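K.L.:
Structure in structure tokens, see below.
The values are calculated or read from the model by the stated rules, or taken from the named source; none is laboratory data. The model shown is predicted, which means the values in this text are computed figures rather than measured ones. Here Cβ is always computed from backbone atoms with ideal geometry, including for glycine, and neighbour counts include all displayed protein chains. What goes into the accessible areas is simple: the full protein's heavy atoms, side chains included, and nothing from ligands, DNA or RNA. Shrake-Rupley method; radii C 1.70, N 1.55, O 1.52, S 1.80 Å.
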Amino acid sequence: MSRIYNFSAGPACLPEAVLQQAQQEMTDWQGSGMSVMEMSHRGKEFMSIAAQAEADLRELMAIPDNYKVLFLQGGASAQFSNVPVNLLRGKKSADYIYTGQWSKKAIAEAKRFCDVNVAASAEASNFSVLPAQSEWQLNSDAAYVHYTPNETIGGLEFHWTPESGDVPLVADLSSTILSRPIDVSKFGVIYAGAQKNIGPAGLTVVIVRDDLIGEAVPGMPVLCDYKIMADNDSMYNTPPTYGWYLAGLVFAWLKKNGGLSAMAELNERKAGKLYGAIDGSDFYANPIDLNCRSWMNVPFTLANDELDATFLSEAKAVGLVTLKGHRSVGGMRASIYNAMPEAGVDALISFMADFEKRNG
Ligand SMILES: *Cc1c(COP(=O)(O)O)cnc(C)c1O
């Protein structure tokens, strides 16, 4: 049996070396006689796994000491509500940047808790260009500014960090965390569901500046409260232990492979090749402005959409799978996170050229 190239947007492929290590340790983690799945989260074995994962993530992202790192459940979607619940701190409104379907969902959820000011939007360009910072109508009294650095469905990515002045900047980094170095000190909160670029589904990482913790809206469920989670080292209740362990293996793999600057170089090169192949043909197209194209999710269409089904089935036959675009966008989408080897991108590009030759 051999592994195929899986271009799924999430749950996405994991590094093969990580899966092999997990397999080796599956029934007996380092002489403990147990699987990580069977361990008490309060036992010394799991506590060491948890602490190492956090230390490695802190090192990879250079997370300053005045930030907490939380390992939670509920996916990025739970943070769509937890962000307003924790960050409003008595204020009435928050600023949101509307750049696609994930920011739309974040906005809809925030409206349950506060007034949402859509300070900038990519809607006029049909989500093909990000609104320049100079056009943002930020409100200096907002509790925070929320944006989505990478729109996983549309394939639109910020290659710059917005300025929000004294107002905390909040980022849904779900599909681009760990793809490159970022300056964490510019953010109030960063959150990410694990299943794109960290590990398996079921784990959500939240990185939060500690002065923003402790003023959650009263009456909310305890599991929403960053302070309770931080005070209990993310173990107020049973955490997603196996996902936390696998995330730790991914962090160690990233460190071994040169950390986030090495990833950035590789990701830029992988994406550059694929966009180059798309732009170099009359058969494939990507609608996103050159400066806003995602390194992680590359949507593209065929000149004739009646060929979509044939493209997908022929791709599958040569081991290139999950290339179907999101139902709202159509066409194709290749998600090429850290774990997608460059050889997978090369294989896709040569399949695309061959398909065009036969059908173009
Ligand atoms: C996938 C995704 C989400 C939703 O994540 P869940 O973990 O399924 O809640 C939110 N935001 C972005 C940018 C995503 O890519």
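K.L.:
Tell me, which residue of segment 94-105 that is of a type in the set (A, V, I, L, M, F, W, C) and under 17 Å from Leu138 (Cα atoms) is surrounded by the most Cβ atoms within 10 Å (Cβ to Cβ)?
P.N.:
Initially, segment 94-105 is screened for residues of a type in the set (A, V, I, L, M, F, W, C), giving 94, 97, 102.
So of that shortlist, the ones also under 17 Å from Leu138 (Cα atoms) come out as 94, 97.
Values: Ala94: 28, Ile97: 24.
Here the answer is Ala94.
A quick yes/no check of all residues on (1) more than 16 Å from the ligand (Cβ to nearest atom); (2) under 26 Å from Ala132 (Cα atoms):
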{"position": "Pro64", "(1), (2)": "yes, no"}
{"position": "Ala78", "(1), (2)": "no, no"}
{"position": "Tyr96", "(1), (2)": "no, yes"}
{"position": "Gly100", "(1), (2)": "no, yes"}
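K.L.:
If you don't mind, another one. Report, by residue number, each residue of segment 92-108 that is outside any loop (DSSP other than H, G, I, E, B) and within 19 Å of the chain's Cα centre (by Cα). Explain how you work it out, then say what you get.
P.N.:
In the first step, residues of segment 92-108 are kept if they are outside any loop (DSSP other than H, G, I, E, B); the result is 93-98, 101-108.
Within segment 92-108, Tyr96, Ile97, Tyr98, Gln101, Trp102, Ser103, Lys104, Lys105, Ala106, Ile107 qualify.
K.L.:
Another question, then. Of the residues that make up segment 78-90, is at least one touching a helix residue (DSSP H, G or I) at 6+ places or on another chain (Cβ under 6 Å), within 23 Å of Val206 (Cα to Cα) and in a strand (DSSP E or B)?
P.N.:
No, because not a single residue in segment 78-90 is touching a helix residue (DSSP H, G or I) at 6+ places or on another chain (Cβ under 6 Å), within 23 Å of Val206 (Cα to Cα) and in a strand (DSSP E or B).
K.L.:
Would you call Ala247 without any contact (Cβ under 8 Å) to a residue 40 or more places away in the chain, assigned by TED's automatic domain parsing to the domain that holds Ser134 and under 18 Å from Ile63 (Cα atoms)?
P.N.:
Against the criterion (without any contact (Cβ under 8 Å) to a residue 40 or more places away in the chain, assigned by TED's automatic domain parsing to the domain that holds Ser134 and under 18 Å from Ile63 (Cα atoms)), Ala247 does not qualify.
K.L.:
So, one more: With respect to Leu19, determine if the residue is part of a helix (DSSP H, G or I) and either of a type outside the set (Lys, Arg) or surrounded by fewer than 22 Cβ atoms within 10 Å (Cβ to Cβ) (or both).
P.N.:
Working: part of a helix (DSSP H, G or I): yes; either of a type outside the set (Lys, Arg) or surrounded by fewer than 22 Cβ atoms within 10 Å (Cβ to Cβ) (or both): yes.
So Leu19 fits the description; yes.
K.L.:
Sticking with this structure for a sec: In segment 31-50, what count of residues is obtained for those that are within 26 Å of the chain's Cα centre (by Cα) and not in a helix (DSSP H, G or I)?
P.N.:
Residues that pass the stated criteria total 1.
K.L.:
Among the candidates Ala216, Ala201, single out the residue that is away from the ligand (no atom under 15 Å from the Cβ) and either part of a loop (DSSP other than H, G, I, E, B) or of a type in the set (D, E, K, R) (or both).
P.N.:
Details: Ala201 fails: away from the ligand (no atom under 15 Å from the Cβ).
It is Ala216.
K.L.:
Continuing with the same structure: Which one is nearest to the ligand (Cβ to nearest atom), of the residues in segment 137-173 that are in a loop (DSSP other than H, G, I, E, B) and among the charged types (D, E, K, R)? Give the derivation first.
P.N.:
We begin by selecting, within segment 137-173, every residue in a loop (DSSP other than H, G, I, E, B); these are 137-144, 148-149, 152-155, 158-168, 173.
Next, only the ones that are among the charged types (D, E, K, R) stay: 141, 163, 166.
Values: Asp141: 26, Glu163: 21, Asp166: 26 Å.
Out of the qualifying residues, it is Glu163.
K.L.:
Search segment 31-44 for residues that are of a type in the set (Lys, Arg) and pair each with any residue that is open to solvent by less than 60 Å² (accessible area, probe 1.4 Å) and modelled with pLDDT under 95 when their beta-carbon atoms are under 7 Å apart and the residues are at least 6 apart or on different chains.
P.N.:
none
K.L.:
Name the single residue, out of those in segment 119-129 being open to solvent by 20 Å² or more (accessible area, probe 1.4 Å) and not in a strand (DSSP E or B), that is farthest from the ligand (Cβ to nearest atom). Before the answer, list the steps.
P.N.:
Residues of segment 119-129 open to solvent by 20 Å² or more (accessible area, probe 1.4 Å): 121, 123-129.
Keeping just the survivors that are not in a strand (DSSP E or B) gives 123-129.
Numbers: Glu123: 17, Ala124: 21, Ser125: 19, Asn126: 19, Phe127: 13, Ser128: 17, Val129: 18 Å.
The qualifying residue farthest from the ligand (Cβ to nearest atom) is Ala124.
K.L.:
Go through (1) within 16 Å of the ligand (Cβ to nearest atom); (2) closer than 16 Å to Trp244 by Cβ; (3) not in a strand (DSSP E or B) and name the single condition Ala53 misses.
P.N.:
With (1) within 16 Å of the ligand (Cβ to nearest atom); (2) closer than 16 Å to Trp244 by Cβ; (3) not in a strand (DSSP E or B) applied to Ala53, the lone miss is (1).
K.L.:
Counting just the residues of segment 3-12 that are in a loop (DSSP other than H, G, I, E, B) and either in contact with a helix residue (DSSP H, G or I) (Cβ under 8 Å, 6 or more places away or on another chain) or free of Cβ contacts under 8 Å to residues at least 40 places away in the same chain (or both), which one comes out least open to solvent (accessible area, probe 1.4 Å)? Before the answer, list the steps.
P.N.:
Here is the first cut: in segment 3-12, the residues in a loop (DSSP other than H, G, I, E, B) are 3-4, 7-12.
Checking the rest, the ones that are also either in contact with a helix residue (DSSP H, G or I) (Cβ under 8 Å, 6 or more places away or on another chain) or free of Cβ contacts under 8 Å to residues at least 40 places away in the same chain (or both) come to 3, 7.
Working: Arg3: 119, Phe7: 1 Å².
Among those residues, the one meeting the criterion is Phe7.
K.L.:
Take segment 56-77 and flag every residue that is outside any helix (DSSP H, G or I) and open to solvent by less than 20 Å² (accessible area, probe 1.4 Å).
P.N.:
So the first thing to find is which residues in segment 56-77 are outside any helix (DSSP H, G or I), and the list is 62-74.
If the condition is that a residue be outside any helix (DSSP H, G or I) and open to solvent by less than 20 Å² (accessible area, probe 1.4 Å), then Ile63, Tyr67, Val69, Leu70, Phe71, Leu72 are the ones that fit.
K.L.:
I would also like to ask the following. Looking at segment 250-263, which of its residues are touching a residue at least 12 places away in the same chain (Cβ under 8 Å) and not in a helix (DSSP H, G or I)?
P.N.:
Passing the criteria: none in range.
K.L.:
Answer yes or no as to whether Glu306 is outside the structural domain of Gln52 (by TED's automatic domain parsing), more than 24 Å from Ser48 (Cβ to Cβ) and under 22 Å from the mean Cα position of the chain (by Cα). Steps first, answer last, please.
P.N.:
Numbers: outside the structural domain of Gln52 (by TED's automatic domain parsing): yes; more than 24 Å from Ser48 (Cβ to Cβ): yes; under 22 Å from the mean Cα position of the chain (by Cα): no.
So Glu306 fails the test.
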